[in-house]
Structures are given as C-alpha cells and as structure tokens.
Amino acid sequence: MIEPFRLENGLLYVREWEQKFPHIVAGFTTRLDGVSQSRFTGNNIAYQVGDIPAYVQANRKKMGEKLGFNWEQWVVAAQAHTNTVAEVHVTDQGSGTHDFESGIPNTDGLFTTATDTLLTAFYADCVPLLFIAPSHNLIGVVHSGWQGTVKEITRAFVQAWLDKGVLASEIHVAIGPAISKANYRVDLPVIEQVLAMETPNTHLAFSDLGTGEFKLDTPFLNELQLLDLGVPAENILRTSYCTVADIDLFYSYRKEGATGRMMAFIAQK
C-alpha cells in the first residue's frame with residue numbers, strides 16, 4: 001500500500017486532495033509537538049481524557065496557528081460513540097472549543113457547506129474519516145469506534161449526503177490512522193454485532209483466533225459501508241499507519257490506557 005498521507009510539521013495531510021482540491025485543508029494531528037505531560041505527553045487535543053485544560057488549550061491554539069484556522073473557527077462534537085450526524089453552520093463555530101460540554105451534543109459526525117469552518121473529530125484507536133463532495137461544496141468528518149462502526153455511522157453519514165442529492169460517485173473519503181486488525185482483539189459479543197450489521201460481507205473483517213478472541217479490522221468495516229452505498233473504491237484513501245504499531249506518532253487507548261487524543265480536521269477556504 002502506498003501511504004496516501006504526508007507527514008509534515010507533526011501533521012498528516014491528505015496528499016492527493018491537496019493536489020486535486022487545493023481549497024481543502026484536511027488531515028490528522030499526531031502526538032508530536034505539544035505541551036501536555038505525563039501520560040498525555042505530546043499534543044493531546046481533547047479535554048475529556050483528564051489532561052490539564054490549559055495544556056489542551058495551548059495545544060489547540062498551536063494547531064490553529066499551523067492550520068490557519070484559529071480555534072474560534074472550530075466546530076467540535078461532544079462525541080458519544082453514536083451513529084448520529086449533524087449538519088453545522090458558521091453560527092456553530094466555537095462549539096466545543098473551550099470545553100467538552102459545549103460541543104455539538106451526542107454526535108459523532110459533522111458536515112457543512114460553510115467556508116472557513118474547521119470540522120474536527122478526536123480519536124485514539126477509533127477510526128477517523130474525512131469526507132468531501134467538491135461539486136456540492138460539502139465537507140465532513142466522522143469518529144467511528146467499534147460501537148459507532150457496528151451502528152454504521154459511516155452508512156448514516158453517506159446516506160445523509162445521498163438524501164441531499166449527492167451522488168455516491170461524487171464522494172471522496174480518507175480513512176485515517178486507527179488500530180489495525182493485527183493489533184485489535186475483541187470477544188464474541190462484539191463479533192455478533194459485526195455479523196448483525198446491515199452491510200454485507202462483514203465476516204471478511206475478522207479472524208477467529210480460536211481462543212474466544214477475534215482480530216477485527218474496524219477501518220475495513222467502515223470501508224465496506226462506503227462500498228455498499230456505491231462510493232467508488234478509487235475514491236477511498238486508507239492509511240497504512242496503526243495507532244498501536246506506530247505509538248511514537250499516535251496515542252493508543254488500547255496500548256496505553258488513559259492517554260491523549262489526536263484530531264481529524266477538515267475545512268474549505
């Protein structure tokens with residue numbers, strides 16, 4: 001696999017989108033180059049994990065400077081492992097900027113047609129996805145942990161765009177760093193929920209270890225949802241990074257326990 005993201009200045013950028021859609025700013029932060037300390041050492045962007053709020057604010061402000069979008073232009077969801085998506089507007093800028101509680105409530109997917117508005121999602125092992133439909137001036141972001149994955153938040157997100165008249169062939173998706181199948185173990189109750197998904201062929205996303213545990217590929221499960229709704233395979237970019245294997249770059253809840261969070265981000269100028 002050719003890595004589709006470019007690591008520069010502590011950030012991963014979507015290389016192909018930079019070339020095709022220069023008005024789009026999209027990518028993922030890493031744990032590099034932040035002021036957080038102890039178990040959050042590095043660039044923790046999330047309040048709700050127990051980090052000192054002043055450190056989180058300093059990290060967010062620094063990210064805003066790097067990206068050219070000050071933190072009052074951000075829109076943040078109060079993520080809750082749901083399959084709920086929300087369309088947001090310029091008037092939502094600043095939601096979730098200063099604390100977790102002021103984020104867009106009970107939501108794990110955001111989209112907008114607004115310009116100069118940075119949509120965000122936070123993760124550490126969960127699957128972050130970025131969406132664009134350039135001909136409709138639509139951008140979006142999704143946080144999909146295993147719960148959001150089996151609840152098919154990616155399907156719900158794409159369906160919201162299809163309902164607005166967007167063609168599946170017009171949608172481009174970037175699947176960011178998450179825990180890989182090689183490093184993710186789940187039990188049978190999780191697999192039973194995987195098999196109950198509306199999306200077909202979900203059995204291809206796991207392997208039985210014969211010990212009551214299974215290896216599970218959550219990025220692939222989200223990719224299957226995209227393909228089932230008609231998003232062309234050539235429109236889907238998927239990273240080769242793993243949050244566990246590449247622990248020098250990323251926070252991993254599975255590997256570290258209490259730890260920080262990275263941020264998926266997208267905006268259009």
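The values are calculated or read from the model by the stated rules, or taken from the named source; none is laboratory data. Since this is a predicted model, take the numbers as computed values, not measurements. A quick note on method: Cβ atoms are made from the backbone with ideal geometry, for glycine too, and the neighbour counts reach across all protein chains shown.
Right, H98: surrounded by fewer than 19 Cβ atoms within 10 Å (Cβ to Cβ) and farther than 21 Å from Q268 by Cβ or not?
Considered against the rule, which asks whether it is surrounded by fewer than 19 Cβ atoms within 10 Å (Cβ to Cβ) and farther than 21 Å from Q268 by Cβ, H98 comes out as yes.
Considering only residues that are within 27 Å of Y253 (Cβ to Cβ) and in contact with a helix residue (DSSP H, G or I) (Cβ under 6 Å, 6 or more places away or on another chain), which ones fall in the stretch 95-122? Hits for the stretch 95-122 are T97, D108, G109, L118.
Taking (1) more than 27 Å from T120 (Cβ to Cβ); (2) part of a helix (DSSP H, G or I); (3) within 22 Å of the chain's Cα centre (by Cα) in turn, H203 satisfies each apart from (3). Restricting the stretch 85-95 to residues that are touching a residue at least 24 places away in the same chain (Cβ under 8 Å) and part of a loop (DSSP other than H, G, I, E, B), the residue that is nearest to the chain's Cα centre (by Cα) is V88. In the stretch 120-164, which residue that is part of a loop (DSSP other than H, G, I, E, B) and among the charged types (D, E, K, R) is nearest to E16 (Cα to Cα)? Filtering first and then ranking leaves D125.
Let's see how each residue does on (1) farther than 22 Å from L110 by Cα; (2) at pLDDT below 95:
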| residue | (1), (2) |
| --- | --- |
| L216 | yes, no |
| L229 | no, no |
| C242 | yes, no |
| I247 | yes, no |
| A258 | yes, yes |
| A264 | no, no |
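Within the stretch 106-123, restricting attention to residues that are hydroxyl-bearing (S, T, Y) and touching a residue at least 40 places away in the same chain (Cβ under 8 Å), which residue is nearest to Q159 (Cα to Cα)?
Once the filter is applied, the top-ranked residue is T120.
Apart from one condition, T82 fits all of (1) touching a strand residue (DSSP E or B) at 6+ places or on another chain (Cβ under 6 Å); (2) touching a residue at least 60 places away in the same chain (Cβ under 8 Å); (3) polar (S, T, N, Q); the exception is (1).
State whether one or more residues within the stretch 165-172 are outside any loop (DSSP other than H, G, I, E, B), free of Cβ contacts under 8 Å to residues at least 60 places away in the same chain, over 21 Å from M263 (Cα atoms) and among the charged types (D, E, K, R). Within the stretch 165-172, one or more residues are outside any loop (DSSP other than H, G, I, E, B), free of Cβ contacts under 8 Å to residues at least 60 places away in the same chain, over 21 Å from M263 (Cα atoms) and among the charged types (D, E, K, R). Among the criteria (1) assigned to a loop (DSSP other than H, G, I, E, B); (2) under 18 Å from the mean Cα position of the chain (by Cα), the one L110 does not fulfil is (1). There is no residue in the stretch 180-189 that is within 14 Å of the chain's Cα centre (by Cα) and either more than 19 Å from K215 (Cβ to Cβ) or without any contact (Cβ under 8 Å) to a residue 12 or more places away in the chain (or both).
For the stretch 1-46, a tally of residues being among the polar types (S, T, N, Q) and surrounded by 19 or more Cβ atoms within 10 Å (Cβ to Cβ) returns 5. Does the stretch 212-231 contain any residue that is without any contact (Cβ under 8 Å) to a residue 40 or more places away in the chain, over 29 Å from E16 (Cβ atoms), in a loop (DSSP other than H, G, I, E, B) and more than 18 Å from the chain's Cα centre (by Cα)? Within the stretch 212-231 (the criterion being without any contact (Cβ under 8 Å) to a residue 40 or more places away in the chain, over 29 Å from E16 (Cβ atoms), in a loop (DSSP other than H, G, I, E, B) and more than 18 Å from the chain's Cα centre (by Cα)), the answer is yes, since at least one residue qualifies. The requirement of being of a type in the set (D, E) and exposed (fewer than 14 other Cβ atoms within 10 Å of the Cβ) is satisfied by E72. Can you report the number of residues in the stretch 132-171 which are within 17 Å of E234 (Cα to Cα) and within 10 Å of the chain's Cα centre (by Cα)? Of the residues in that region, 0 qualify.
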